[in-house]
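The block underneath contains the structure these notes are about, expressed in structure tokens.
All of the numbers you see were taken from the coordinates with simple rules; none came from a lab. Just so you know, these numbers come straight off a predicted model, no measurement behind them. Note that we place each Cβ from the backbone using ideal geometry, even for glycine, and neighbour counts take in every protein chain shown.
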Amino acid sequence: MDAASDFPTASILIVEDDPQQVWLYSRALRDYRLTCVSTGSAALEFLSNETPDLILLDHVLGKGELGGEFLPRHK
């Protein structure tokens with residue numbers, strides 16, 4: 001058994017609409033369980049069922065969404 005597999009892997013929710021940024025995150029964070037969504041609405045839907053260990057949130061998302069506006073709606 002690999003020593004790294006002996007430890008639980010943190011889950012990270014990435015809220016990012018730029019595919020290049022998502023690719024960079026996925027490369028840099030490949031040892032973690034990643035969920036990537038491109039809108040605040042999709043993030044809220046995911047968060048209604050799961051609680052990640054960390055959220056990486058883009059400030060300006062597509063369709064005029066602002067990352068900071070979605071945070072207060074997350075309970």
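Tabulated results
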item	result
Using θ = phi - 60° and Karplus 6.51 cos²θ - 1.76 cosθ + 1.60, couplings along segment 42-52 (whole Hz; Gly, Pro as x)	5, 5, 4, 4, 4, 5, 6, 10, 9, 10, x
Using a Förster distance of 25 Å, the FRET efficiency for residue 51-residue 30 (Cβ separation, nearest 0.05)	0.70
Long-range amide H partners of residue 66 with built H, under 5 Å	61
For residue 10, distant residues with modelled amide H under 5 Å away	33
